[in-house]
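See structure below.
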Amino acid sequence: DVTARFQAEMGKGLARDTSPTAAVKMLPSFVRSLPDGSEKGDFLALDLGGSQFHIHWVKEFDDGKQSSQLESKSYPTPKEVMQGNGAELFDYIADCLSDFMETKNLKHKKLPLGFTFSFPCKQTKLEEGVLLAWTKHFRVRGVQDTDVVSSLHRALQKHQAMAYPIPTGTGTNACYMEEMRHIDLVEGDEGRMCINTEWGAFGDDGALDDLRTEFDRELDLGSLNPGKQLFEKMISSLYLGELVRLILLKMTKEGLLFNGKVSTALLTKGKIEMKHVSAMEKYKEGLSNTKEILTELKLFPSEEDCVAVQHVCAVVSSRSAKLCAAALAAILTRLRENKQLLRMRTTVGIDGGLYKTHPKFAGRLHRAVGRLVPACEVRFLRSRGGSGRGAAVVAAVARRLAAQRRRLHTALAALLLPPAILWELRDKMRAELEHGLKRETQAQATVKMLPTFVRGTPDGTEKGKFLALDLGGTNFRVLLVKIKSGRRRSVQMYNKIFAIPLEIMQGTGEELFDHIVQCLADFLEYMGIKGARLPLGFTFSFPCRQASIDKGTLVGWTKGFKATDCEGEDVVDMLREAIRRRNEFDLDIVAVVNDTVGTMMTCGYEDPNCEIGLIAGTGTNVCYMEDMKNIEIVEGNEGKMCINTEWGAFGDNGCIDYIRTKYDREVDEGSLNPGKQRYEKMTSGMYLGEIVRQILIDLTKQGLLFRGHISESLRKKGIFETKFLSQIERDRLALPQVRHVLRQLGLDSTCEDSIIVKEVCAAVSTRAARLCGAGLAAVVEKKRENQGVERLQITVGADGTLYKLHPHFSRILQETVKELAPQCDVSFMLSEDGSGKGAALITAVAKRLHNVGQK
Ligand code: 0WK
Ligand code: BGC
């Protein structure tokens, strides 16, 4: 029950709305990682707040065995220092440290320092701690609500840090690594942070009043901070002796002990200390110790008295161990739930006089924890070198993390695209669009600006039954589309998805088109329309130079396709030939369209303002309705025609090489078409995962990841598919789930590794989205200038798995367009039905225009 109460208190302390009034403060410590054995260096550590003030010189050895050497000196904490003023306290600490450094001949060294300050402190960063309240015997004036690090700094004029171990000594407290997404008070959801629970204050809000005895209340009233630290006063060694005294006093007054004779000593507060309780509970010499101690207290105990007093000690210290176990069980349960484990094995680092010196406390605590949390296998590890060494380790870890951060940022800095660069890229894209439209530059242009012979968006008069093929995306689809016009205006679609095996994608052209026709035959069979000579629209998502709506010569394969004997060929002819070869059915191939054009038409059917089609999927591309007068390679100046920009090739002339990183070059060199589609290789689904893999390899080589070990999996090309970026970057995805994704890839990762992997994924996908945004801003700006308007309202029809499924891509792309085309109000419309519907609509329009032409 105490465990459940403490779990509730932990929840209150972590939540933004309840933490201000929570008794158990759950203080973020800004310790975000555990040591990984690579920490090294010399550190100084101050350890204030326990029964003694310790100074340590810690040498951490980077031998992978986390071994270290410790030289220490203890200094008393005189009462006048513990209850004097702040300046005196910190000057005292500075004096001790100066003495220590003198003794150890360290005065000439500038060593990083870890400061163990065992009092509740509110932190906003690792190297700062504002004292909330003094506990235990400390009552120094002028320190509460001030930053103890800057006070120490002023006294030391040196650089320091802070850390919190689990002491069950004079005071009591516990910390644990909590998931960032549960810590409302600290920004960020990634990773974990050590929470200093300050459980000593558990019950200060009355949560334990039904368990507190009259002795607890009496002790509290007589303490330096009545009403505060009530849990600490029930379990920590600073108070257990006093509890025993109060119980013995009452029993004596009731004549139950020492013949009712109360001695001055028994009336004296603090006369019975923890060391007495521990001595009286010793296995063998406990009874004789008890006699000796009570005699010293002028109580002249009988044998029975001694046994009774021993029993009182046992009751008090057992309760302490059980209460401690109950709270610890709450923490262990929370850790296990955070990790979503049914069973958990973990280690509790423990220190403090009570745990180390009391003969039975440790055993009682272990047994009670075992009973309370059977699903947790807990190893209790006594801290060697006290929390001072811990503070040094925290300082070492902080330094390692800082160095890691610096190197990670250097690696990822190359992927950052500051606004100035993005504006530049927008203008460079614009220049390339113009090159592609102009007759004299079209031939050399890298952004081909291919006329599609689609001259208008649907006007709602389209009707009939159409077949459509959709080749070039993740899936190959065959569709039957029924379009109704007029009042019952609607589009009905039936489709089937077929696989295109790699050996077909990279076989011969004949095999590819025979495979397409095979799928078509299966579909017609399945739909029972084999005999019908239906008009067909062919979405062929590759760069095709068109002379008319039903002619398309493949300029070059992209994405994963490399079928032979196709480039330079008319793909409509190849399809017709394959149908003829099969000689089973006949179709009227009316149109070949790019998937961007199909997407624009699909969305244009719903929103006539949609004059741009965007694909961000396996590949990337955009089309838009351009004024005929600007399309110099097509006769006529009236009206508009849809231009398939094929912007994937942007930069193939080297104009964006200055933003390409070594990772981009690696991916390009390993691709099917090195030197080609450079913009696509920085922005589309086929390549983002591979860029991430290259970066992870580089960071691993630098020792920043996976402990510097490049696993077989990480060496495997294409193993890091872009879908994993989308999974890993999902908001509030807990690190265990990121690690699960990495495990599926055969990558054994630590918490930190998964944070870094997530950052790398975010850097790569953000760059891709911003690059696409810069390109699209160039297109909408061109449209605005085409129309010669101050403000343009336009809709972009969008499709593609990256745009649809990545958690942030579409938002970042839209924000970038807004930033780089401020005079355009761009709405984005997700194409629900894919470009197959668009292909059917284009076929319907072409059919209608053809029939009008016939009349
Ligand atoms: C769905 C469209 C198809 C296009 C694909 C692109 O119907 O024409 O090729 O989106 O996205 P991807 O499947 O490559 O992610
Ligand atoms: C192709 C385009 C296509 C885009 C999206 C690119 O690789 O060249 O034709 O529109 O991928 O599928």
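Answer yes or no: is there a residue in segment 475-488 that is within 16 Å of ligand 1 (Cβ to nearest atom), within 18 Å of residue 572 (Cα to Cα) and aliphatic (A, V, I, L, M).
First pass over segment 475-488, keeping only residues within 16 Å of ligand 1 (Cβ to nearest atom): 475-481.
Those left that are additionally within 18 Å of residue 572 (Cα to Cα): 476-479.
Next cut, aliphatic (A, V, I, L, M) only: 478-479.
Checking segment 475-488: at least one residue is within 16 Å of ligand 1 (Cβ to nearest atom), within 18 Å of residue 572 (Cα to Cα) and aliphatic (A, V, I, L, M).
When you scan segment 454-471, do you find a residue that is within 16 Å of ligand 2 (Cβ to nearest atom), out of contact with any Gly (no Cβ under 8 Å at 6 or more places or on another chain), of a type in the set (A, V, I, L, M, F, W, C) and not in a strand (DSSP E or B), even just one? Yes, segment 454-471 contains at least one residue that is within 16 Å of ligand 2 (Cβ to nearest atom), out of contact with any Gly (no Cβ under 8 Å at 6 or more places or on another chain), of a type in the set (A, V, I, L, M, F, W, C) and not in a strand (DSSP E or B). Checking 313, 324 one by one, the residue that is touching an Asp or Glu at 6+ places or on another chain (Cβ under 6 Å) and in a helix (DSSP H, G or I) is 313 and no other.
Note on segment 248-306: residues that are at positive phi and touching a Cys at 6+ places or on another chain (Cβ under 8 Å) amount to 0. Scanning segment 551-591 for residues that are surrounded by 17 or more Cβ atoms within 10 Å (Cβ to Cβ), over 20 Å from residue 503 (Cα atoms) and either free of Cβ contacts under 8 Å to residues at least 24 places away in the same chain or of a type in the set (Val, Ile, Thr) (or both) yields a count of 7.
Screening 560, 556 for residues that are farther than 19 Å from residue 517 by Cβ and within 16 Å of ligand 1 (Cβ to nearest atom) leaves exactly one candidate, 560.
Return the total of residues in segment 342-387 being in a loop (DSSP other than H, G, I, E, B) and over 27 Å from residue 284 (Cβ atoms).
Adding up the residues that qualify gives 8.
When the criteria are applied in full, residue 598 fails the requirement of being crowded, with 24+ Cβ neighbours inside 10 Å, in contact (Cβ under 8 Å) with a residue 24 or more places away in the chain, of a type outside the set (A, V, I, L, M, F, W, C) and more than 14 Å from ligand 2 (Cβ to nearest atom).
Yes/no matrix, rows are residues, columns are (1) under 30 Å from the mean Cα position of the chain (by Cα); (2) buried (at least 19 other Cβ atoms within 10 Å of the Cβ); (3) of a type in the set (A, V, I, L, M, F, W, C):
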site	(1), (2), (3)
297	no, yes, yes
302	no, no, no
331	yes, yes, yes
352	no, yes, no
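If you check 454, 478 for being free of Cβ contacts under 8 Å to residues at least 60 places away in the same chain and buried (at least 21 other Cβ atoms within 10 Å of the Cβ), only one passes: 478. Screening segment 757-793 for residues that are surrounded by fewer than 21 Cβ atoms within 10 Å (Cβ to Cβ) and among the β-branched types (Val, Ile, Thr) and picking the one that is nearest to residue 429 (Cα to Cα) gives 766. Selection within segment 482-507: residues that are among the charged types (D, E, K, R) and outside any strand (DSSP E or B). The member of this set that is nearest to residue 839 (Cα to Cα) is 489.
Does residue 397 qualify as being surrounded by 13 or more Cβ atoms within 10 Å (Cβ to Cβ) and assigned to a helix (DSSP H, G or I)? The answer is yes for residue 397. With a requirement of 1 or more residues that are of a type in the set (Gly, Ala, Ser) and either free of Cβ contacts under 8 Å to residues at least 40 places away in the same chain or within 16 Å of ligand 2 (Cβ to nearest atom) (or both), the helices (runs of 4 or more DSSP H) lying completely within segment 783-855 that satisfy it span 809-820, 834-854. Under the condition of being farther than 25 Å from residue 29 by Cβ and in contact with a Phe, Trp or Tyr (Cβ under 9 Å, 6 or more places away or on another chain), the residues counted in segment 76-91 number 5. Scanning segment 526-545 for residues that are within 13 Å of ligand 1 (Cβ to nearest atom) and of a type in the set (Gly, Ala, Ser), we see that the one that is nearest to the chain's Cα centre (by Cα) is 541.
Among all residues of segment 546-554, there is at least one that is within 43 Å of the chain's Cα centre (by Cα) and hydrophobic (A, V, I, L, M, F, W, C). With respect to the conditions (1) without any contact (Cβ under 8 Å) to a residue 60 or more places away in the chain; (2) away from ligand 1 (no atom under 16 Å from the Cβ), residue 698 falls short on a single one, namely (1). If you check residue 455 against the conditions, is it touching a helix residue (DSSP H, G or I) at 6+ places or on another chain (Cβ under 9 Å) and at pLDDT 95 or above? When the stated conditions are applied, residue 455 does not pass them. If a residue has to be among the β-branched types (Val, Ile, Thr) and either in contact with a strand residue (DSSP E or B) (Cβ under 6 Å, 6 or more places away or on another chain) or within 16 Å of ligand 2 (Cβ to nearest atom) (or both) to count, how many in segment 642-679 make the cut? Summing the residues that are among the β-branched types (Val, Ile, Thr) and either in contact with a strand residue (DSSP E or B) (Cβ under 6 Å, 6 or more places away or on another chain) or within 16 Å of ligand 2 (Cβ to nearest atom) (or both) in segment 642-679 gives 3. Kindly check whether there is at least one residue in segment 472-481 that is away from ligand 2 (no atom under 16 Å from the Cβ), more than 20 Å from residue 567 (Cβ to Cβ), out of contact with any Asp or Glu (no Cβ under 9 Å at 6 or more places or on another chain) and part of a helix (DSSP H, G or I). For segment 472-481, residues away from ligand 2 (no atom under 16 Å from the Cβ), more than 20 Å from residue 567 (Cβ to Cβ), out of contact with any Asp or Glu (no Cβ under 9 Å at 6 or more places or on another chain) and part of a helix (DSSP H, G or I): absent.
Kindly evaluate residue 33 against the criterion of being farther than 23 Å from residue 129 by Cα and in contact with a helix residue (DSSP H, G or I) (Cβ under 7 Å, 6 or more places away or on another chain).
So residue 33 fails the test.
Only a single criterion out of (1) assigned to a helix (DSSP H, G or I); (2) crowded, with 17+ Cβ neighbours inside 10 Å is not satisfied by residue 403, namely (2). Could you list all residues from segment 393-433 that are within 20 Å of the chain's Cα centre (by Cα) and among the charged types (D, E, K, R)? Answer for segment 393-433, where residues must be within 20 Å of the chain's Cα centre (by Cα) and among the charged types (D, E, K, R): 400, 405, 406, 407.
For segment 516-528, state whether one or more residues are among the charged types (D, E, K, R), in a loop (DSSP other than H, G, I, E, B) and either touching a Cys at 6+ places or on another chain (Cβ under 6 Å) or at pLDDT below 95 (or both). No, segment 516-528 has no match at all. Condition check: acidic (Asp, Glu), under 30 Å from residue 445 (Cβ atoms) and either surrounded by fewer than 22 Cβ atoms within 10 Å (Cβ to Cβ) or modelled with pLDDT of 95 or more (or both). Does residue 731 satisfy that? Against the criterion (acidic (Asp, Glu), under 30 Å from residue 445 (Cβ atoms) and either surrounded by fewer than 22 Cβ atoms within 10 Å (Cβ to Cβ) or modelled with pLDDT of 95 or more (or both)), residue 731 does not qualify. Tell me yes or no: at least one residue of segment 207-230 is surrounded by 24 or more Cβ atoms within 10 Å (Cβ to Cβ), of a type outside the set (Gly, Ala, Ser), part of a loop (DSSP other than H, G, I, E, B) and not assigned by the TED database to the domain that holds residue 292. Yes: one or more hits.
The values are calculated or read from the model by the stated rules, or taken from the named source; none is laboratory data. This is a predicted model, so every value here is computed, not measured. Positions of Cβ are backbone-derived with ideal geometry, glycine not excepted, and every protein chain shown enters the neighbour counts.
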